[in-house]
1. Touching a Lys or Arg at 6+ places or on another chain (Cβ under 6 Å), over 25 Å from PRO212 (Cβ atoms) and not in a loop (DSSP other than H, G, I, E, B): does that describe GLU44?
2. Out of all the residues in region 197-208, is one or more open to solvent by less than 30 Å² (accessible area, probe 1.4 Å) and either out of contact with any strand residue (DSSP E or B) (no Cβ under 8 Å at 6 or more places or on another chain) or without any contact (Cβ under 8 Å) to a residue 24 or more places away in the chain (or both)?
3. Being assigned to a helix (DSSP H, G or I), of a type in the set (A, V, I, L, M), touching a Phe, Trp or Tyr at 6+ places or on another chain (Cβ under 9 Å) and surrounded by 17 or more Cβ atoms within 10 Å (Cβ to Cβ) is the requirement here; does ILE33 meet it?
4. What number of residues within region 1-30 are open to solvent by 50 Å² or more (accessible area, probe 1.4 Å), outside any helix (DSSP H, G or I), modelled with pLDDT of 95 or more and within 16 Å of the ligand (Cβ to nearest atom)?
5. Among the numbered criteria (1) farther than 24 Å from ALA221 by Cα; (2) without any contact (Cβ under 8 Å) to a residue 12 or more places away in the chain, which single criterion is violated by GLU15?
6. Of (1) over 24 Å from MET94 (Cα atoms); (2) among the β-branched types (Val, Ile, Thr); (3) touching a helix residue (DSSP H, G or I) at 6+ places or on another chain (Cβ under 9 Å), VAL187 satisfies all except one. Which?
7. Return yes when ALA216 is closer than 22 Å to CYS84 by Cα and either at pLDDT 95 or above or in a helix (DSSP H, G or I) (or both) and no when it is not.
8. Counting only residues that are within 11 Å of the ligand (Cβ to nearest atom) and open to solvent by 30 Å² or more (accessible area, probe 1.4 Å), give me the helices (runs of 4 or more DSSP H) lying completely in region 87-194 with at least 1 of them.
Amino acid sequence: MGKDVIIACDFASAEKTFEFLDKFTGRKPFVKIGMELFYAAGPEIVREIKRRGHKIFLDLKLHDIPNTVKKAMAVLSGLDVDVCNLHAGGTSAMMTAALEGLTRADGTRPLLIAVTQLTSTDQQSMERDLLIKEPIDEVVMHYAETAKNAGLDGVVCSPLEAGKVHERCGADFLTVTPGVRFADGEVGDQKRVMTPADAKKVGSDYIVVGRPITQAADPVAAYERCVSEFVD
Ligand code: C5P
């Protein structure tokens, strides 16, 4: 799969989501569906967005015992999503089981990527709450390598980490990077950001962009700007 821009459809209802997606009359963007929308609108919204011709990254970040994750992944695979994810913190056994659950009878499966340490976790909270004492950058890289060794396709990470992940895990190991802002745009609550053009330079494979597109006066123009900076 080549480089692409994924729009984070962080809307609270199916109605608001379709009102947004209806604006895209030309090229159908790759969309990310997160917990809020999935829990509000259910699996039917995944089917409907797929029917409309979009690729889908279903961002549900699974984390449970291997057998439970395997069975849940089999259900998500049946929804025909293109990318789904889990927490690498569930360990290799959980990741291997997830891959088994995702793989369809014909051998195909959605891409599976891992969340390493959440970007909301910092060194202090990791040491205090998780009793992990290593430097957080090392922990993130270790989780990425564990995901790679379990057979996963990539990780969600900051664009600032994309280059290092590729060095450690190989050029083919996907980096899917949120925290993207236009040079002249609002940063909002994201702390460490990069422009689409810089994310391209550091080797991100996919950028996940939410508010700079969803809250723009002209979302289609904002999306096209992301595509021209990142992909073209
Ligand atoms: O609106 P914004 O561009 O900040 O949206 C980024 C999207 O990526 C949101 O859906 C957010 O939950 C997600 N995300 C993130 N940082 C991570 C993991 C996911 O911003 N580390």
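1. So GLU44 fails the test.
2. Within region 197-208 (the criterion being open to solvent by less than 30 Å² (accessible area, probe 1.4 Å) and either out of contact with any strand residue (DSSP E or B) (no Cβ under 8 Å at 6 or more places or on another chain) or without any contact (Cβ under 8 Å) to a residue 24 or more places away in the chain (or both)), the answer is no, since none of the residues qualifies.
3. no
4. Qualifying residue count for the region: 1.
5. (1)
6. Going through (1) over 24 Å from MET94 (Cα atoms); (2) among the β-branched types (Val, Ile, Thr); (3) touching a helix residue (DSSP H, G or I) at 6+ places or on another chain (Cβ under 9 Å) one by one, VAL187 breaks only (3).
7. no
8. The helices (runs of 4 or more DSSP H) meeting that bar are 159-169.
The values are calculated or read from the model by the stated rules, or taken from the named source; none is laboratory data. Just so it is clear, the model here is predicted, and its values are computed rather than measured. We place every Cβ from the backbone using ideal geometry, glycine too, and count neighbours over all the protein chains shown. Side chains included, ligands, DNA and RNA excluded: accessible areas come from the protein's heavy atoms. Shrake-Rupley method; radii C 1.70, N 1.55, O 1.52, S 1.80 Å.
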